[in-house]
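Visitor: Sharing a structure here in structure tokens format.
The values are calculated or read from the model by the stated rules, or taken from the named source; none is laboratory data. In this text the structure is predicted, and so the values were computed from the model without any measurement. Glycine gets a Cβ as well: all are built from the backbone with ideal geometry, and neighbour counts include every protein chain shown. All accessible areas refer to the heavy atoms of the entire protein, side chains included, with ligands and DNA or RNA removed. Shrake-Rupley method; radii C 1.70, N 1.55, O 1.52, S 1.80 Å.
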Amino acid sequence: MTSVTEPQPPRESFRLSMLLNDKRYRFYTFQFVALFLLIVFMAYLGWNLVRNLALLGQDISFGFLGAPAGYDINQRLIPYENSDPHLRASFVGVLNTLLVAFLGCITATIFGVLAGVLRLSKNWLVAKLMAVYVEIFRNVPVLIWILIIFFVMTAALPPPSAFRGDDPASSMLFDAFAFTNRGVYVPKPLWGAGSGVVVAVFLASIAGAIYYRRYATKLLYATGRLLPMVWPTLAILILPTLAAYALLGGPITLEYPQLRGFNFQDGIQVRGSLIALWFALAIYTGAFIAENVRAGILSVSHGQTEAAAALGLRPRRVMSLVILPQALRVVIPPVISQYLNLTKNSSLAIAVGYMDVTGTLGGITLNQTGRAIESVLLLMLFYLIISLSISAVMNLYNNAVKLKER
């Protein structure tokens, strides 16, 4: 007995009318038309800009980046002289922006996670203190906090002259750290022969500690066996590095700041403008991250906490193993936006004299050369690239920690 199948209708040939009438192609048609119109609009804006500049006897040129800058930059991560070109001055500003953005994101995350968790504490005083912190810092503009912290540091900390004499009014902390109204002076590492090996061992130790924690977590979820986390992680981080440092004869030494003349010499000077900008951005953004963390924790069903407690897990283990992993799917997306806001808010650095890329390329370079369009375009390109990079990295992390459904 043979089965009878219905004949398939002949396949319809493609016609141009299907681009609008067939839902299989209509979506792509609209997308293509929208893209084409956007390209035409952007091309018109560019043509109009070039034509108006030509009428004024000007053109778009980036040759000014090779001219000598002629100005100094007080905080810099790489060598720089005022005779260097504007391109190097702009690069110094870029590094300064990346420095404060990196430090701010790390510190804001720490503040935000601690405040978000403690705001849900059963201790009434702790919970209310965290609520006050969040409400105060969220509802005052970040520029005000930058100025407040900068002025407090300038007024409260002693001048370098207070460290002079047999019986000075101020003294260095551990004979290594000097807190002055001109900034904080810290020891500077001196890299000798073999220091690269020590750094490589330390980086490998970090990778080993991360692998161990992932292995311990995977083992816990698979078998229920709980391996210790704290002391093995510290041992992996510290012992190999100390061993390499000792075997190579201590290739990394420290240069301590010394008071000479009217100021401290040697060491590293962390200017008050950097510290004020760093902590103001971190504390301000941390208040927003705290609310994101609190919302993520509250999104986890209370039954999860009760089930974990019924299994005998301690409250700290319940938070780290049960609640936070599930809360991350709610926390990470808004935290990405907070990182982007912190990076863009760093453009307020010029208010306290910190020379970031807005102060160099978008400030002094723009005023000296008169190349406003080129400078603004480069600024837009920089912030666009750094914002997209932060989003890409955090989205990769978000995909790595999201819950895997069976």
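Visitor: Of everything in the range 59-110, what is hydroxyl-bearing (Ser, Thr, Tyr), assigned to a helix (DSSP H, G or I) and open to solvent by less than 30 Å² (accessible area, probe 1.4 Å)? Give them in sequence order.
Guide: Ser90, Thr97, Thr107
Visitor: Name the one entry in Tyr383, Tyr354 that is more than 30 Å from His302 (Cα to Cα), surrounded by fewer than 19 Cβ atoms within 10 Å (Cβ to Cβ) and in contact (Cβ under 8 Å) with a residue 40 or more places away in the chain.
Guide: Only one candidate qualifies: Tyr383.
Visitor: All but one of (1) part of a helix (DSSP H, G or I); (2) crowded, with 16+ Cβ neighbours inside 10 Å hold for Ala309; which doesn't?
Guide: (2)
Visitor: State all residues of the range 268-322 that are polar (S, T, N, Q) and more than 20 Å from Gln75 (Cβ to Cβ); if no residue qualifies, say none. Let's see the steps before the verdict.
Guide: Restricting attention to the range 268-322, the residues satisfying the condition of being polar (S, T, N, Q) are 269, 273, 285, 292, 299, 301, 304-305, 320.
The answer is Thr285, Asn292, Ser299, Ser301, Gln304, Thr305, Ser320.
Visitor: Considering each of Arg225, Arg317, Arg271 in turn, give the residue that is of a type outside the set (A, V, I, L, M) and under 30 Å from Pro158 (Cα atoms).
Guide: Just a single option satisfies the conditions, and that option is Arg271.
Visitor: Looking at the structure I just gave you, is Leu125 in contact (Cβ under 8 Å) with a residue 60 or more places away in the chain and open to solvent by 40 Å² or more (accessible area, probe 1.4 Å)? Quick ask: steps written out before the conclusion?
Guide: Working: in contact (Cβ under 8 Å) with a residue 60 or more places away in the chain: no; open to solvent by 40 Å² or more (accessible area, probe 1.4 Å): yes.
No; evaluated as a whole, the condition is false for this residue.
Visitor: Further, regarding this structure: Return the residues of the range 285-306 that are open to solvent by 40 Å² or more (accessible area, probe 1.4 Å), in contact (Cβ under 8 Å) with a residue 24 or more places away in the chain and either outside any loop (DSSP other than H, G, I, E, B) or over 29 Å from Ser337 (Cα atoms) (or both); say none if nothing qualifies.
Guide: If the condition is that a residue be open to solvent by 40 Å² or more (accessible area, probe 1.4 Å), in contact (Cβ under 8 Å) with a residue 24 or more places away in the chain and either outside any loop (DSSP other than H, G, I, E, B) or over 29 Å from Ser337 (Cα atoms) (or both), then Phe288, Arg294, Ala295, Leu298 are the ones that fit.
Visitor: Checking Ser161 against (1) of a type in the set (S, T, N, Q); (2) touching a helix residue (DSSP H, G or I) at 6+ places or on another chain (Cβ under 9 Å); (3) in contact (Cβ under 8 Å) with a residue 24 or more places away in the chain, which test does it fail?
Guide: Here Ser161 clears every test but (2).
Visitor: Which residues, counting only those in the range 251-284, are open to solvent by 30 Å² or more (accessible area, probe 1.4 Å), in a helix (DSSP H, G or I) and in contact with a Gly (Cβ under 7 Å, 6 or more places away or on another chain)? Spell out the reasoning first.
Guide: Restricting attention to the range 251-284, the residues satisfying the condition of being open to solvent by 30 Å² or more (accessible area, probe 1.4 Å) are 252-256, 258-263, 265-266, 268-271, 278-279, 283-284.
Remaining after also requiring in a helix (DSSP H, G or I): 278-279, 283-284.
If the condition is that a residue be open to solvent by 30 Å² or more (accessible area, probe 1.4 Å), in a helix (DSSP H, G or I) and in contact with a Gly (Cβ under 7 Å, 6 or more places away or on another chain), then Trp278 is the only one that fits.
Visitor: So, in the range 209-231, how many residues would count as being within 28 Å of the chain's Cα centre (by Cα) and either loosely packed, with under 15 Cβ neighbours inside 10 Å or not in a helix (DSSP H, G or I) (or both)?
Guide: Adding up the residues that qualify gives 6.
Visitor: Go through (1) open to solvent by 60 Å² or more (accessible area, probe 1.4 Å); (2) over 26 Å from the mean Cα position of the chain (by Cα); (3) at pLDDT below 90; (4) not hydrophobic (A, V, I, L, M, F, W, C) for Pro160 and report which single condition fails.
Guide: Condition not satisfied by Pro160: (1).
Visitor: Does Ile136 satisfy the condition of being open to solvent by less than 30 Å² (accessible area, probe 1.4 Å), at pLDDT 90 or above and either under 25 Å from Gly261 (Cβ atoms) or not acidic (Asp, Glu) (or both)? Before you say what the answer is, go through the steps one by one.
Guide: Numbers: open to solvent by less than 30 Å² (accessible area, probe 1.4 Å): no; at pLDDT 90 or above: yes; either under 25 Å from Gly261 (Cβ atoms) or not acidic (Asp, Glu) (or both): yes.
No; evaluated as a whole, the condition is false for this residue.
Visitor: I'm checking my understanding of the structure. Among residues of the range 235-250 that are open to solvent by less than 90 Å² (accessible area, probe 1.4 Å) and among the aliphatic types (A, V, I, L, M), which one is farthest from Ser320 (Cα to Cα)? Quick ask: steps written out before the conclusion?
Guide: In the first step, residues of the range 235-250 are kept if they are open to solvent by less than 90 Å² (accessible area, probe 1.4 Å); the result is 235-238, 240-241, 243-246, 248-250.
Next cut, among the aliphatic types (A, V, I, L, M) only: 235-238, 243-244, 246, 248.
Numbers: Ala235: 21, Ile236: 21, Leu237: 21, Ile238: 23, Ala243: 32, Ala244: 33, Ala246: 36, Leu248: 38 Å.
Out of the qualifying residues, it is Leu248.
Visitor: Sticking with this one: Restricting attention to the range 164-181, which residues are within 16 Å of Arg260 (Cα to Cα) and either touching a Leu at 6+ places or on another chain (Cβ under 7 Å) or surrounded by fewer than 17 Cβ atoms within 10 Å (Cβ to Cβ) (or both)?
Guide: In the first step, residues of the range 164-181 are kept if they are within 16 Å of Arg260 (Cα to Cα); the result is 164-166, 168, 170-172, 175-180.
Passing the criteria: Arg164, Gly165, Asp166, Pro168, Ser170, Ser171, Asp175, Ala176, Phe177, Phe179, Thr180.
Visitor: Right, something else. Among what's in the range 29-57 and is open to solvent by less than 90 Å² (accessible area, probe 1.4 Å), closer than 24 Å to Gly370 by Cα and among the aliphatic types (A, V, I, L, M), pick the residue that is modelled with the highest pLDDT.
Guide: The initial filter retains those residues of the range 29-57 that are open to solvent by less than 90 Å² (accessible area, probe 1.4 Å), namely 29, 33-34, 40, 43, 45-46, 48-50, 52-54, 57.
Those still in the list that are closer than 24 Å to Gly370 by Cα too: 45-46, 48-50, 52-54, 57.
Adding the requirement that they be among the aliphatic types (A, V, I, L, M) leaves 45, 49-50, 53-54.
Details: Leu45: 85, Leu49: 79, Val50: 80, Leu53: 75, Ala54: 78.
Result: Leu45.
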